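These notes concern the structure reproduced below.
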Amino acid sequence: MLKELKPAIISFLVLTLITGIAYPLVVTGIAQGLMPEQANGSLIMKDGRPMGSALIGQNFSDPKYFWGRPSATGPMPDNAAASSGSNLGPTNPALIDAVKARVKALRDADPGNTAPIPVDLVTASGSGLDPQISPAAAEYQVQRVARVRGLPVKEVRRLVRQHTEDRQLGVLGEPRVNVLQLNLALSALH
């Protein structure tokens, strides 16, 4: 019996060393060497402290900040451990009620704004964690943020333009604004 177990135990130990120790160390070393920022979670640092990740949305509800795309990761918004879409279809009453509540919150925060609300401000993404909004969603909020902070609209618009990222390689995706980075830049101003 020991004769049959010995090759199995040796194989187990060798494969554990290769796949459980050597491979993860090599991959981690390569990632740290070639792209350390991404390998460490694309953290946005301020004064040596992590403020969040450039890859995961943050929950902003104060009118003095730009609001991001709603999260589908309830009950805690923007909970990366619960990443998933809501799986609610367009005729689902729960989705309709959620969208109505989001529209109301946006209208209540900026009653004078009668512009059409961009869809990404009232619907969650597939992951429920998008850190970006469309330039139109940022533009929709410029007046409110400028008014609440007592800043010129022109200055807030300039910040939005500075933080608008173009399509990747000029063709992939859509232009987008990272909400956390924009709000940090806004806080640095005022």
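Here are a few things to note about the model shown:
- Checked against the criterion of being assigned by TED's automatic domain parsing to the domain that holds Phe60, in a loop (DSSP other than H, G, I, E, B) and closer than 22 Å to Ala54 by Cα, the range 142-163 contains one or more residues that satisfy it.
- Screening the range 154-173 for residues that are within 13 Å of Ala138 (Cβ to Cβ) and not basic (Lys, Arg) and picking the one that is surrounded by the most Cβ atoms within 10 Å (Cβ to Cβ) gives Val156.
- Residue count for the range 1-58, restricted to those that are of a type in the set (Ser, Thr, Tyr), in a helix (DSSP H, G or I) and within 30 Å of Leu180 (Cα to Cα): 1
- Boolean, Leu106 is in contact with a Leu (Cβ under 8 Å, 6 or more places away or on another chain), crowded, with 17+ Cβ neighbours inside 10 Å and free of Cβ contacts under 8 Å to residues at least 40 places away in the same chain: yes
- Any hit, the range 175-188, residues being over 16 Å from Asp62 (Cα atoms), at pLDDT 90 or above and assigned to a loop (DSSP other than H, G, I, E, B): yes
- Residue in the range 93-113 that is among the charged types (D, E, K, R), out of contact with any helix residue (DSSP H, G or I) (no Cβ under 9 Å at 6 or more places or on another chain), under 30 Å from Val153 (Cβ atoms) and modelled with pLDDT under 90 present: no
- Filter result (more than 19 Å from Val160 (Cα to Cα) and touching a residue at least 40 places away in the same chain (Cβ under 8 Å)) within the range 110-141: Val122, Thr123, Ala124, Ser125, Gly126, Ser127, Gly128, Leu129
- Considering the range 117-139, the residues that are farther than 13 Å from Asn178 by Cα and touching a Phe, Trp or Tyr at 6+ places or on another chain (Cβ under 8 Å) include one that is surrounded by the most Cβ atoms within 10 Å (Cβ to Cβ), namely Leu121.
The values are calculated or read from the model by the stated rules, or taken from the named source; none is laboratory data. Owing to the predicted nature of the structure, the values given are computational and were not obtained by experimental measurement. Positions of Cβ are backbone-derived with ideal geometry, glycine not excepted, and every protein chain shown enters the neighbour counts.
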